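Below is one structure, written out as structure tokens; comments come after it.
The values are calculated or read from the model by the stated rules, or taken from the named source; none is laboratory data. On a predicted model such as this, the values are computed, not experimentally measured, just so you know. Here the Cβ positions follow ideal geometry from the backbone for every residue, glycine too, while neighbour counts run over all protein chains shown.
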Amino acid sequence: MIEISQVTVIRDEQEIISNFSATFSAGTISAIIGPNGTGKSTLLLAMAGDLPIQNGEIKINGSKVNEYSILELAKLRGVVLQQPNFNLAFTVSEIMAMARTAGSTAVSENQALRDLAISELADRKVTELSGGEKQRVALALALCVNAQVLLLDEPFAAQDSASKERIIELLKSEAKAGKTVILVAHLPKQDLVWCDQIIDNLG
């Protein structure tokens with residue numbers, strides 16, 4: 001569960017989010033939608049503990065996000081950025097193995113790759129992958145540590161319809177298992193009927 005109370009975030013001397021409050025319950029999927037520049041990605045980074053807030057508080061499972069250590073956060077929440085930053089020429093398998101400090105295993109890593117239908121990419125260098133493939137590798141990384149919270153920025157970016165449906169079914173399964181799933185999406189509400197909560201326009 002994530003609880004946000006009266007949160008304000010300022011970036012580059014500009015107030016991006018002002019006095020925002022929301023609750024994201026365990027076992028649910030929430031979508032954050034709205035126009036560009038309204039703070040959707042900023043909010044996701046703040047929830048992840050990767051961006052400081054100026055006022056208010058964000059709690060994950062009852063504790064303030066800034067009270068967790070970096071390792072505790074790595075085990076607690078999986079984060080997928082809109083454009084995964086894979087700059088070094090590691091193979092997908094090597095990238096997946098890096099999640100073991102956060103609790104993944106070879107079994108969970110391989111399962112995540114299978115779930116996303118990218119097992120055949122295991123020996124490919126991440127720098128050679130397409131944008132959609134990188135996005136699925138990043139999602140596999142988030143899934144393989146069995147984190148209680150999933151924070152996903154545009155998980156459907158550059159995905160074909162089959163991959164999109166596969167990801168939706170995976171997210172439903174994660175929520176059914178008691179996870180808190182939160183995603184930023186540039187989709188109309190009618191395409192998000194499978195979500196339990198939709199937050200439209202943070203402003």
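Residue by residue through the stretch 74-91, note down the ones that are surrounded by fewer than 15 Cβ atoms within 10 Å (Cβ to Cβ) and over 21 Å from LEU183 (Cα atoms). Break it down stepwise before answering.
From the stretch 74-91, those surrounded by fewer than 15 Cβ atoms within 10 Å (Cβ to Cβ) are 83, 85, 87-89; that's our starting set.
Matches in the stretch 74-91: ASN87, LEU88, ALA89.
Being part of a strand (DSSP E or B) and surrounded by fewer than 17 Cβ atoms within 10 Å (Cβ to Cβ): is that true of ASN19 here? Explain how you work it out, then say what you get.
Working: part of a strand (DSSP E or B): yes; surrounded by fewer than 17 Cβ atoms within 10 Å (Cβ to Cβ): yes.
Considered against the rule, which asks whether it is part of a strand (DSSP E or B) and surrounded by fewer than 17 Cβ atoms within 10 Å (Cβ to Cβ), ASN19 comes out as yes.
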Out of SER30, SER63, SER69, SER21, sole residue that is in contact (Cβ under 8 Å) with a residue 60 or more places away in the chain and not hydrophobic (A, V, I, L, M, F, W, C): SER30
Where VAL145 falls short, out of the listed (1) at pLDDT 95 or above; (2) in contact with a helix residue (DSSP H, G or I) (Cβ under 6 Å, 6 or more places away or on another chain): (1)
GLU154 touching a residue at least 12 places away in the same chain (Cβ under 8 Å), closer than 27 Å to LEU73 by Cβ and touching a His at 6+ places or on another chain (Cβ under 9 Å): yes
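If a residue has to be more than 18 Å from the chain's Cα centre (by Cα) and either part of a loop (DSSP other than H, G, I, E, B) or acidic (Asp, Glu) (or both) to count, how many in the stretch 76-95 make the cut? Give the derivation first.
Of all residues in the stretch 76-95, those more than 18 Å from the chain's Cα centre (by Cα) come to 87-94.
From what is left, the residues that are either part of a loop (DSSP other than H, G, I, E, B) or acidic (Asp, Glu) (or both) are 87-90, 94.
Within the stretch 76-95, residues that are more than 18 Å from the chain's Cα centre (by Cα) and either part of a loop (DSSP other than H, G, I, E, B) or acidic (Asp, Glu) (or both) number 5.
Of these, GLY34, GLY56, which one is touching a strand residue (DSSP E or B) at 6+ places or on another chain (Cβ under 9 Å), at pLDDT 95 or above and not β-branched (Val, Ile, Thr)? Outline the logic, then answer.
Numbers: GLY34 fails: at pLDDT 95 or above.
Testing whether each residue is touching a strand residue (DSSP E or B) at 6+ places or on another chain (Cβ under 9 Å), at pLDDT 95 or above and not β-branched (Val, Ile, Thr) leaves just GLY56.
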Selection within the stretch 25-46 - among the β-branched types (Val, Ile, Thr), over 15 Å from VAL80 (Cβ atoms) and not in a loop (DSSP other than H, G, I, E, B): THR28, ILE33, THR42
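If I ask for residues that are polar (S, T, N, Q) and either touching a residue at least 60 places away in the same chain (Cβ under 8 Å) or not in a helix (DSSP H, G or I) (or both), which ones from the stretch 96-142 would you list?
Passing the criteria: SER104, THR105, SER130.
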Hits in the stretch 58-86 - residues which are farther than 23 Å from GLU3 by Cα and out of contact with any helix residue (DSSP H, G or I) (no Cβ under 7 Å at 6 or more places or on another chain): GLN83, ASN85
Selection from the stretch 96-126 of residues that are β-branched (Val, Ile, Thr) and under 21 Å from the mean Cα position of the chain (by Cα): THR101, THR105, ILE118, VAL126
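For the stretch 1-43, enumerate the residues that are among the hydroxyl-bearing types (Ser, Thr, Tyr) and either closer than 24 Å to ASP191 by Cβ or in contact with a His (Cβ under 6 Å, 6 or more places away or on another chain) (or both). Give the derivation first.
From the stretch 1-43, those among the hydroxyl-bearing types (Ser, Thr, Tyr) are 5, 8, 18, 21, 23, 25, 28, 30, 38, 41-42; that's our starting set.
Within the stretch 1-43, THR23, SER25, THR28, SER30, THR38, SER41, THR42 meet the criteria.
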